[in-house]
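Enquirer: Mind looking over this structure? Questions follow.
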Ligand SMILES: [Zn+2]
């Protein structure tokens with residue numbers, strides 16, 4: 001692809017030890033599903049008036065094997081954010097031409113508001129397991145006393161969320177917890193950011209409760225349309241293995257990437273209901289998975305890799321929630337704004353394989 005060739009040539013002009021180290025950092029966390037799942041998360045480095053940021057639809061885990069970073073005009077983007085210009089929610093407007101035909105991440109503005117050179121945004125499982133609970137601020141205060149942190153309630157990823165982050169940033173703030181979303185850490189060096197990411201991940205670690213009880217024969221008894229199969233990833237059954245877990249995952253959507261890749265919430269089969277009956281009930285689109293309470297999970301045979309990774313993310317979060325957890329959910333309007341989002345459609349198209 002022409003764009004990739006251009007990217008390689010131009011990027012080498014600004015390549016530094018730091019840029020290479022950013023790629024290693026990005027690949028390390030991008031390949032660890034406890035930090036980043038699929039195309040989620042992004043990293044950036046500021047270089048004078050430019051900021052190099054992960055391109056939309058690319059995987060941080062690929063940072064060492066393909067070009068995933070594109071440059072944006074940092075000064076213009078910050079001005080647009082500060083003065084609330086309409087274009088501040090369209091990161092592609094700030095792309096510096098001639099480097100790549102990829103678009104900057106839809107979360108680019110989240111990085112621009114930090115003064116620190118290096119910013120890493122992840123969907124850290126330990127962070128999400130706190131950030132979806134109703135008492136998130138009390139929980140964080142108990143665990144993050146050693147950090148210069150702040151909490152920002154949920155907003156659709158983009159310029160509005162970036163402006164909310166901007167409002168809580170103090171000169172020494174280097175950890176932001178995004179409600180129903182994830183984590184941002186910032187620092188002047190790659191090593192500082194790597195250490196901070198690991199330190200927050202450890203400070204928020206929760207014990208894993210793996211339940212028994214999945215029954216593959218009972219699951220396949222519900223399949224009468226050939227559309228649903230047993231998942232290869234056996235941990236996905238964890239989502240369904242208690243009444244409490246079923247209630248939590250069917251009540252609503254917990255974070256944006258679940259909605260984008262799996263649709264709204266999770267659908268449960270009722271007593272003796274078959275997969276065919278669900279299809280008759282909802283002819284629009286087959287759910288990516290169906291859970292049978294206390295029996296396990298059935299995966300749609302055409303579920304995308306993104307959907308499979310996000311179901312694993314849900315299993316990883318659910319297994320870490322305390323028994324008495326009460327959760328915050330995205331509102332129906334917040335679900336719909338994610339599903340109708342053109343930028344996300346582009347990202348999904350790039351990540352469809
Ligand atoms: Zn994110």
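Enquirer: Every residue in region 163-197 that is surrounded by fewer than 16 Cβ atoms within 10 Å (Cβ to Cβ) and either in the same structural domain as residue 317 (by TED's automatic domain parsing) or within 24 Å of residue 327 (Cβ to Cβ) (or both), please.
Expert: 168
Enquirer: Test residue 230 against the stated conditions and say whether it is more than 22 Å from residue 179 (Cβ to Cβ) and at pLDDT 95 or above. Please lay out each step first, then the result.
Expert: Details: more than 22 Å from residue 179 (Cβ to Cβ): yes; at pLDDT 95 or above: yes.
Yes.
Enquirer: Residues that are outside any helix (DSSP H, G or I) and within 16 Å of the ligand (Cβ to nearest atom): does region 231-253 have at least one? Break it down into steps so the answer makes sense when it comes.
Expert: As a first pass, look at region 231-253 and keep what is outside any helix (DSSP H, G or I): 231-233, 241-242, 251-253.
Subset that is within 16 Å of the ligand (Cβ to nearest atom): 253.
Scanning region 231-253 turns up at least one residue that is outside any helix (DSSP H, G or I) and within 16 Å of the ligand (Cβ to nearest atom).
Enquirer: Moving on. Could you tell me whether residue 260 is touching a helix residue (DSSP H, G or I) at 6+ places or on another chain (Cβ under 7 Å), outside the structural domain of residue 36 (by TED's automatic domain parsing), at pLDDT below 95 and buried (at least 22 other Cβ atoms within 10 Å of the Cβ)?
Expert: Details: touching a helix residue (DSSP H, G or I) at 6+ places or on another chain (Cβ under 7 Å): yes; outside the structural domain of residue 36 (by TED's automatic domain parsing): yes; at pLDDT below 95: yes; buried (at least 22 other Cβ atoms within 10 Å of the Cβ): yes.
So residue 260 fits the description; yes.
Enquirer: Separate question: Quick one: is residue 162 closer than 18 Å to residue 81 by Cα, within 14 Å of the ligand (Cβ to nearest atom) and without any contact (Cβ under 8 Å) to a residue 12 or more places away in the chain? Break it down into steps so the answer makes sense when it comes.
Expert: Numbers: closer than 18 Å to residue 81 by Cα: yes; within 14 Å of the ligand (Cβ to nearest atom): yes; without any contact (Cβ under 8 Å) to a residue 12 or more places away in the chain: no.
Taking the combined requirement at face value, the residue does not satisfy it.
Enquirer: Select, from 28, 20, the only residue that is assigned to a helix (DSSP H, G or I), under 21 Å from residue 116 (Cβ atoms) and either touching a strand residue (DSSP E or B) at 6+ places or on another chain (Cβ under 6 Å) or at pLDDT below 95 (or both).
Expert: None of the others qualify; the one that does is 20.
Enquirer: Against the definition (in contact (Cβ under 8 Å) with a residue 60 or more places away in the chain and away from the ligand (no atom under 16 Å from the Cβ)), how does residue 100 come out, yes or no?
Expert: Considered against the rule, which asks whether it is in contact (Cβ under 8 Å) with a residue 60 or more places away in the chain and away from the ligand (no atom under 16 Å from the Cβ), residue 100 comes out as yes.
Enquirer: Scan the strands (runs of 3 or more DSSP E) fully inside region 31-82 and keep the ones with 1 or more residues being within 15 Å of the ligand (Cβ to nearest atom), in contact with a helix residue (DSSP H, G or I) (Cβ under 8 Å, 6 or more places away or on another chain) and modelled with pLDDT of 95 or more. Write out each step before concluding.
Expert: Numbers: elements: 42-47, 50-54, 69-73.
Output list reads 42-47, 50-54.
Enquirer: From the list 112, 141, 129, 92, which residue is under 14 Å from residue 186 (Cβ atoms) and either in contact (Cβ under 8 Å) with a residue 60 or more places away in the chain or away from the ligand (no atom under 15 Å from the Cβ) (or both)?
Expert: Selected residue: 112, the only one of 112, 141, 129, 92 that is under 14 Å from residue 186 (Cβ atoms) and either in contact (Cβ under 8 Å) with a residue 60 or more places away in the chain or away from the ligand (no atom under 15 Å from the Cβ) (or both).
Enquirer: Just wondering, is there one or more residues in region 198-206 that are surrounded by 13 or more Cβ atoms within 10 Å (Cβ to Cβ) and within 16 Å of the ligand (Cβ to nearest atom)?
Expert: Kept after step one, since they are surrounded by 13 or more Cβ atoms within 10 Å (Cβ to Cβ), are these residues of region 198-206: 198-201, 203-206.
The next check asks that each one be within 16 Å of the ligand (Cβ to nearest atom); those that pass are 200-201.
Within region 198-206, one or more residues are surrounded by 13 or more Cβ atoms within 10 Å (Cβ to Cβ) and within 16 Å of the ligand (Cβ to nearest atom).
Enquirer: I'm trying to understand the selection: among the residues of region 199-213, which are at pLDDT 95 or above, closer than 17 Å to residue 318 by Cα and touching a strand residue (DSSP E or B) at 6+ places or on another chain (Cβ under 9 Å)?
Expert: 201, 204
The values are calculated or read from the model by the stated rules, or taken from the named source; none is laboratory data. Not measured: the values here are computed from a predicted model. Note: ideal-geometry Cβ built from the backbone for every residue, glycine included; neighbour counts use all protein chains shown.
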